[in-house]
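A.B. asks: Just dropping this structure here.
The values are calculated or read from the model by the stated rules, or taken from the named source; none is laboratory data. Remember, it's a predicted structure, so these values are computed and weren't measured experimentally. Heads up, the Cβs are rebuilt from the backbone with ideal geometry, glycines too, and the neighbour counts pull from every protein chain shown. For accessibility, only protein heavy atoms count, side chains too; no ligands or nucleic acids. Shrake-Rupley method; radii C 1.70, N 1.55, O 1.52, S 1.80 Å.
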Amino acid sequence: QVQLVESGGGLVQSGGSLRLSCAASGFIFRVYDMGWYRQAPGKQRELVAAITSGRITNYADSVKGRFTISRDNAKNTVYLQMNNLKPEDTAVYYCNAHSGLRSTWGQGTQVTVSS
């Protein structure tokens with residue numbers, strides 16, 4: 001059974017840091033491209049950061065220089081280190097795995113940044 005489980009969300013003050021984790025199971029993690037998305041209330045889901053199976057990374061302009069995506073293939077886990085958080089980063093953060101036409105989503109983890 002393909003599964004993604006996010007963790008690490010919470011409430012943090014503006015300027016603070018959080019690290020999100022996404023544990024994967026049920027598929028060959030190392031060959032999948034992984035991404036973190038977020039969805040704020042009343043807004044569409046947007047890509048935050050992505051990392052390919054070859055470890056090429058891509059970031060939304062709004063998080064460049066503040067967020068870092070990484071993966072540990074030995075642990076089947078992808079991470080999102082978030083520094084200098086801002087109130088506008090408040091959203092539900094979702095992990096995604098895709099390879100070709102296959103795409104799987106996690107259940108999401110809430111990140112709330114207070115001003």
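A.B. asks: Using θ = phi - 60° and the Karplus curve 6.51 cos²θ - 1.76 cosθ + 1.60, what whole-Hz ³J(HN,Hα) does each residue of the stretch 12-17 get, with Gly and Pro shown as x?
C.D. replies: Going residue by residue, I get 9, 7, 3, x, x, 10 Hz, with x marking Gly and Pro.
A.B. asks: If you take the charge dipole of the chain about its Cα centre, with +1 on Lys and Arg Cβ and -1 on Asp and Glu Cβ, which of V92, I28, M82 is farthest toward its positive end?
C.D. replies: Most positive-ward Cα: I28.
A.B. asks: Follow-up. Quick check: pseudo-label points 7 Å beyond the Cα along Cα→Cβ at R55 and T104, how many nm apart are they?
C.D. replies: A separation of 2.3 nm, rounded to one decimal place.
A.B. asks: So, one more: Can you tell which of D61, D33, D72 shows the greatest fluctuation in a Gaussian network model of the chain with Cα springs below 10 Å?
C.D. replies: D61
A.B. asks: Report D for the stretch 37-91 in µm² per second (integer): Stokes-Einstein, Kirkwood Rh on Cα pairs, 20 °C, 1.002 mPa s. Let's see the in-between values first.
C.D. replies: Values: Rh = 12.2 Å.
Estimated diffusion coefficient is 176 µm²/s.
A.B. asks: How long are the semi-axes of the equivalent ellipsoid of the stretch 9-115, defined as square roots of 5 times the Cα gyration tensor eigenvalues? Whole Å, largest first. Could the numbers behind the result be given before it?
C.D. replies: On the way: eigenvalues 108, 38, 31 Å².
Equivalent ellipsoid semi-axes, largest first: 23, 14, 12 Å.
A.B. asks: Follow-up. For the chain, what % of the accessible area comes from carbon and sulfur atoms, probe 1.4 Å? Provide the component values of the computation, followed by the final result.
C.D. replies: Values: 2910 of 6170 Å².
The value for the chain is 47 percent carbon and sulfur by accessible area.
A.B. asks: While we're on this one: Charges only on Cβ, +1 for Lys and Arg, -1 for Asp and Glu: so what's the dipole of the chain about the Cα centre, in debye to the nearest 20?
C.D. replies: Values: 12 positive and 7 negative charges, 33 e Å.
With only Lys, Arg, Asp and Glu charged at Cβ, the dipole is about 160 debye.
A.B. asks: Pop a pseudo-label 7 angstrom from the Cα along the beta-carbon direction at both R30 and K75 and give the gap in nm to one decimal.
C.D. replies: 1.7
A.B. asks: Suppose all protein chains stay in the model; what accessible area per residue would a 1.4 Å probe give for the chain, in Å²? Write out the running numbers ahead of the final one.
C.D. replies: Details: 6170 Å² over 115 residues.
So the chain comes to 54 Å² accessible per residue, rounded to a whole number.
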